[in-house]
Number of protein chains: 2
Amino acid sequence: MLYFVGLGIEQSLSLRSLSELRHCEVVYFERYTSPSVNEESISQISAQLDPAKVEVVKREFVEDGRQILEISKRANVALICSGDPMVATTHQELWTRAKKEGILTSIVHGSSILCAVSGELGLHSYNFGRIVTMTREPMQYTAYNTIYDNLFRGLHTTILLEWNQSDNFFLNPASAIKSLEYAEKDLRQEIMDASTLFLVASRIGSDTAQTSALTFEELKTADLGPPPHVLVVPGKLHFTELEALGALFGRNPESFPDNSKRILRLSRRMVQRYTKKTLVALAGARKAAEASNKKINFADVFENVECYTRDAERFLNEGRDELAVLSIGYAEGLLDSLRFGGQLEFEW
Amino acid sequence: MLYFVGLGIEQSLSLRSLSELRHCEVVYFERYTSPSVNEESISQISAQLDPAKVEVVKREFVEDGRQILEISKRANVALICSGDPMVATTHQELWTRAKKEGILTSIVHGSSILCAVSGELGLHSYNFGRIVTMTREPMQYTAYNTIYDNLFRGLHTTILLEWNQSDNFFLNPASAIKSLEYAEKDLRQEIMDASTLFLVASRIGSDTAQTSALTFEELKTADLGPPPHVLVVPGKLHFTELEALGALFGRNPESFPDNSKRILRLSRRMVQRYTKKTLVALAGARKAAEASNKKINFADVFENVECYTRDAERFLNEGRDELAVLSIGYAEGLLDSLRFGGQLEFEW
């Protein structure tokens, strides 16, 4: 049997996992998924078991997995991991392989930063959208687009930062911010600027845990102490979340901006721009029609242009963006047709 | 000082929380946030502390909170909760009030079903969208719309089901399915039908934990045993997720459908419908123009209608939905203007 045992973000065994680990003949301890696991925590935890049974293993050993699976076929084996065991892809893959080979498995879940971060910051977990990881690679467009998608819906985004044990690399928040700034300049969705609010949860689960509320600009130079850090881009904040943030950071709850406000849907921008243009052109067309001596019934067209322009604005206010765009496009077409047909000349 | 101590979904104290609880003069134990806490688990946990110090409390007591906060000002007080303490709104509110009153707080996180469910089902946590809770109230449109929003982006949705300790009510999965069916009939986004795949995680963390993969239709009558249950509507499944599901349920990985495939964006439906209509009308208009003896230059209008119709389809294929809708609306307007002005008569 193969046990996956999570230490939680506090790096502490539960009584349940302790009793299961004591039945295990072999205990592997991986330390590559979290910078919070160190020599001290390893020896503390090993001391609670039989230290001779505990073997600290590297990523390659777990990825290869053959030895773990082989022994699990005839003995009770455990893999101790930081946080929740199943958040790491390598553990999930090992679990799948064990299932395929008919090895019984059991997961002892642990607390995970994915869930803890909302509580530490006073935010509601159901107001979070998709999470995203940022790495040291350039072009972090996935992170940027995920933040955009979430903000569009008013949701918060948790950003995990790359940690690589083999070269002891942790992506620092300032570098992450610079990557986002680069993406903003390149993609120009105008989702963040110097004043955008970021929340940071540092070393959660340890004695030196710390939370911060900083602007995009402040984060570039802030000293947040040693890793791990998790960033959160808050979306629309519920009033209880605002109160919690106010209490947490000793600030006026109203001082926290709504990052989602600046997200202008493309459809909204389109309808606003084209409504203005269409109404100006309509006024011009009406003047041209008065001056014209053609026997064409322009009144019906003009009335419809006006109607559909009004509809577009109404649909937009109702959140029916597609219909709004369709209507303003239609209104424009009605009017423009008069020019293409040579019936009227007027300015757009 | 006020400690919030999570038991995790396994209802087990960690060594760290045990040592903190032993410093507490008063320990409150709430059992209203999870049906997994029962007399047995309460007495087991109390036995690890000084049972005389432990007081089981109801929702009203925590919501009122005054006694807890008052004692926390001069003594070490703990509130033991199932799962992660900060997932429940009442606990978050108490935490905010404590902060406001200058009471030191500490959270000992526990594993939470919100995070554990992905691992138990072999799904990646970063492929989940916003979570949602369903209650016994009719009109569960929030759940329906959340599933739609998530599927639209290919993401999985976790659905928590209402549990109310005071009348021992747990929303069963079959009732939840019926609510979703009702919403589907009413809102007609066509996001699910009888064959839509649902995953169920039942009693996770207990010895009788069980996972199931069922269709929408099967869920209406499935016997899943006692609560708690959590539903997951998977979106687009990564091949490693498909493999995990295959291994978990002993099925061919390819037998799991992609629920996100049937999500037709409204803009796509609009452009497809109106393109067809516009091209038919254009053909009619051309015939009418040939038969007409008016000296109007229809050719320019017709050419533009054709151009913008083609553009609409191209924009759609490029994922530029707003532009696609604008273009098809414009093409329609160009053509329709000829009718409103009385220049041509043709059928739409």
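Observations on the model:
- From the options B:Lys53, B:Lys58, residue that is touching a Lys or Arg at 6+ places or on another chain (Cβ under 9 Å) and among the basic types (Lys, Arg): B:Lys58
- A:His91 being buried (at least 19 other Cβ atoms within 10 Å of the Cβ), within 30 Å of A:Ala247 (Cβ to Cβ), over 21 Å from the mean Cα position of the chain (by Cα) and within 12 Å of another protein chain (Cβ to nearest Cβ): no
- Of all the criteria given as (1) open to solvent by less than 20 Å² (accessible area, probe 1.4 Å); (2) under 24 Å from B:Ile328 (Cα atoms), the one not satisfied by A:Phe256 is (2).
- Tally, over segment A:268-288, of residues that are farther than 17 Å from A:Gly333 by Cα and hydrophobic (A, V, I, L, M, F, W, C): 1
- Hits in segment A:1-30 - residues which are part of a loop (DSSP other than H, G, I, E, B) and under 16 Å from A:Ser111 (Cα atoms): A:Leu7, A:Ile9, A:Glu10, A:Gln11, A:Ser12, A:Leu13
- A:Lys287 more than 9 Å from every other protein chain (Cβ to nearest Cβ), open to solvent by 70 Å² or more (accessible area, probe 1.4 Å) and in contact (Cβ under 8 Å) with a residue 40 or more places away in the chain: yes
- Counting the residues of segment B:303-321 that are in a helix (DSSP H, G or I) and modelled with pLDDT under 90 gives 3.
- Pick from segment A:297-312, criterion of a type in the set (D, E, K, R) and more than 7 Å from every other protein chain (Cβ to nearest Cβ), ranking: nearest to B:Ala312 (Cα to Cα): A:Asp311
- Candidates B:Leu79, B:Leu69, filtered to the one that is in contact with a strand residue (DSSP E or B) (Cβ under 6 Å, 6 or more places away or on another chain) and either buried (at least 19 other Cβ atoms within 10 Å of the Cβ) or part of a helix (DSSP H, G or I) (or both): B:Leu79
- Qualifying residue in segment A:255-269 (condition: modelled with pLDDT of 90 or more and within 12 Å of chain B (Cβ to nearest Cβ)): no
- Subset of segment B:119-132 [polar (S, T, N, Q) and facing chain A (nearest Cβ under 7 Å)]: B:Ser125
- Members of segment A:96-117 that are facing chain B (nearest Cβ under 7 Å) and either open to solvent by less than 20 Å² (accessible area, probe 1.4 Å) or among the hydrophobic types (A, V, I, L, M, F, W, C) (or both): A:Thr96, A:Ile107, A:Val108, A:His109, A:Gly110, A:Ser111, A:Ser112, A:Leu114, A:Cys115, A:Ala116
- Between B:Ile45, B:Ile103, B:Ile107, the distinction of being under 27 Å from B:Leu161 (Cα atoms), aliphatic (A, V, I, L, M) and outside any helix (DSSP H, G or I) belongs to B:Ile107 only.
- Any hit, segment A:327-345, residues being open to solvent by 50 Å² or more (accessible area, probe 1.4 Å), in a loop (DSSP other than H, G, I, E, B) and either more than 8 Å from chain B (Cβ to nearest Cβ) or not hydrophobic (A, V, I, L, M, F, W, C) (or both): yes
- Hits in segment A:1-13 (condition: within 12 Å of another protein chain (Cβ to nearest Cβ) and open to solvent by less than 10 Å² (accessible area, probe 1.4 Å)): A:Phe4, A:Val5, A:Gly6, A:Leu7, A:Gly8, A:Leu13
- Residues satisfying the stated conditions in segment A:48-66, i.e. in a loop (DSSP other than H, G, I, E, B) and closer than 28 Å to A:Val230 by Cα: A:Lys58
- Here A:Arg265 clears all of (1) over 50 Å from the mean Cα position of the chain (by Cα); (2) surrounded by 13 or more Cβ atoms within 10 Å (Cβ to Cβ); (3) charged (D, E, K, R) except the condition numbered (1).
- In segment A:130-146, the qualifying residues are those that are of a type outside the set (Val, Ile, Thr) and open to solvent by 10 Å² or more (accessible area, probe 1.4 Å), and the one that is nearest to the chain's Cα centre (by Cα) is A:Arg130.
- Restricting segment B:313-323 to residues that are open to solvent by less than 50 Å² (accessible area, probe 1.4 Å) and within 9 Å of another protein chain (Cβ to nearest Cβ), the residue that is farthest from A:Tyr274 (Cα to Cα): B:Asp321
- Flag if A:Lys295 is within 33 Å of the chain's Cα centre (by Cα), open to solvent by 80 Å² or more (accessible area, probe 1.4 Å) and without any contact (Cβ under 8 Å) to a residue 40 or more places away in the chain: no
- Among the candidates A:Phe239, A:Phe249, residue that is of a type outside the set (Ser, Thr, Tyr), in contact with a strand residue (DSSP E or B) (Cβ under 6 Å, 6 or more places away or on another chain) and under 19 Å from A:Val117 (Cα atoms): A:Phe249
- In segment A:14-33, residue nearest to A:Thr133 (Cα to Cα) [restricted to those that are within 14 Å of another protein chain (Cβ to nearest Cβ) and in contact (Cβ under 8 Å) with a residue 40 or more places away in the chain]: A:Thr33
- Number of residues in segment B:298-339 that are aliphatic (A, V, I, L, M) and without any contact (Cβ under 8 Å) to a residue 24 or more places away in the chain equals 3.
The values are calculated or read from the model by the stated rules, or taken from the named source; none is laboratory data. It should be emphasised that the depicted structure is a prediction, and the values quoted were computed from it without experimental measurement. Cβ coordinates were reconstructed from backbone atoms using ideal geometry, including for glycine residues, and neighbour counts include every protein chain displayed. Ligands, DNA and RNA are excluded from the accessible area calculation, which covers all protein heavy atoms including side chains. Shrake-Rupley method; radii C 1.70, N 1.55, O 1.52, S 1.80 Å.
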